Amino acid sequence: MSAEVLTPITQALNDGALTRRELKALMQRSDGPALWRLGVWALALLGTGSLIWLSLGTWLVWPAMFLHGILMVHHFALQHECVHYTPFKTRWLNDVMGNLCGFIIALPHQFFRYEHCDHHTHTQLKGKDPELIELPISVWRYLWYISSVPYWWAKIKEFTRHSLGRIAPHEAEFLPKEAYATVFWEARIMLALYAAIVLFCAVTGWWAPVWYWWLPVLLGEPVMRWIRLTEHVGRPNVRDMRENTRTNLISAPLAFLSWNMNYHAEHHYAASVPFHALPKLHKKLDGYVYVEPRGYLGAHLDILAQLTGRQPRSDRPGGQT
């Protein structure tokens with residue numbers, strides 16, 4: 001982690017708001033909290049999946065799949081944590097769950113690890129942050145992004161490119177050459193498994209993956225795009241972590257779904273702190289974190305205010321910070 005990223009933590013340590021012993025304790029990893037959450041997660045998926053089963057053959061299957069899809073796309077939150085090797089103390093559990101979540105939502109885990117590493121190194125810096133989501137130039141572009149159509153089109157191109165053994169110029173910025181083969185085979189294996197499932201469904205006439213997996217993920221992805229916008233979009237394109245990242249105060253159920261990633265500034269301050277300790281870190285860093293008290297909705301009101309000219313755009317010189 002770079003010195004710039006650690007500056008707010010260092011400031012809190014120097015001010016006495018946080019002690020080194022407290023920080024070390026917050027960084028302790030354990031299998032228990034994640035395993036408990038996975039149990040509740042499985043029950044929630046069983047519940048929303050049951051709604052689909054009960055509503056098959058009626059129009060109610062669509063809202064049921066949408067609700068199930070919201071849970072399905074939140075596998076991203078666990079995968080994100082597994083990239084950092086923080087949810088489980090047992091290292092291989094992070095790898096297994098990260099790859100499984102990535103397979104569910106079509107996000108190759110090894111590729112994501114390299115990409116996300118650079119996101120933390122160059123957060124919100126244009127031309128350097130590979131996960132940078134630019135502030136849209138219009139409300140239409142804002143809605144187009146939330147639709148998730150651009151996201152899926154980019155995924156199709158990415159899978160095609162990697163399965164053919166090609167790396168895009170922007171990917172070469174964060175992918176070491178020794179990782180190319182891994183990324184290529186990861187894409188090929190995932191596509192082969194998807195094709196095998198489709199073939200099995202076609203031969204047997206068993207289309208459960210469509211109703212309980214693929215359609216829900218497609219329906220739920222706009223919700224994930226809507227949430228991802230709240231992390232950095234509309235914040236200044238600067239290196240200062242106190243300015244470029246939001247922490248959103250949300251309800252307990254939403255925090256459960258997001259594996260506490262609504263405490264996003266705290267996560268960027270200290271990425272080694274597991275999800276279950278982020279609420280405690282948030283309390284310790286009161287005053288050192290940019291907080292959106294209105295939650296996800298408030299973040300979007302902020303973004304829309306910039307898009308409609310009701311406040312200066314933060315991505316321009318002199319914009320609001």
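Read the figures in this text as sums done on the coordinates, not as results from a lab. Values in this document were obtained by computation on a predicted structure and should not be read as measured data.
Return the sequence-ordered ³J(HN,Hα) values of the range 133-138 in whole Hz as given by the Karplus equation 6.51 cos²θ - 1.76 cosθ + 1.60 applied to θ = phi - 60°, using x for Gly and Pro.
Taking θ as phi minus 60°, the curve returns 9, 5, 4, x, 8, 7 Hz for the range 133-138.
Return the single residue from Tyr212, Tyr194, Tyr288 with maximal mean-square fluctuation; model: Gaussian network over the chain, springs between Cα atoms under 10 Å.
Tyr194
Between (1) 1.31; (2) 1.02; (3) 1.45, which entry matches Cα Rg over 2.2 N^0.38 Å as derived from the coordinates of this structure?
(2)
Amide H of Glu292 versus every other amide H placed in the peptide plane: which residues, excluding those fewer than 5 positions away on the same chain, fall under 5 Å?
So Glu292 has HN proximity to Thr247, Asn248, Leu249.
Under 5 Å between amide hydrogens, which residues at least 5 positions from Arg313 or on another chain qualify, with H placed 1.01 Å from N in the peptide plane?
Gln320
Going through the DSSP H helices of the chain, which span 30 Å or more along their own axis at the Cα atoms while scoring at least 0.5 as a mean Kyte-Doolittle hydropathy?
32-55, 180-204
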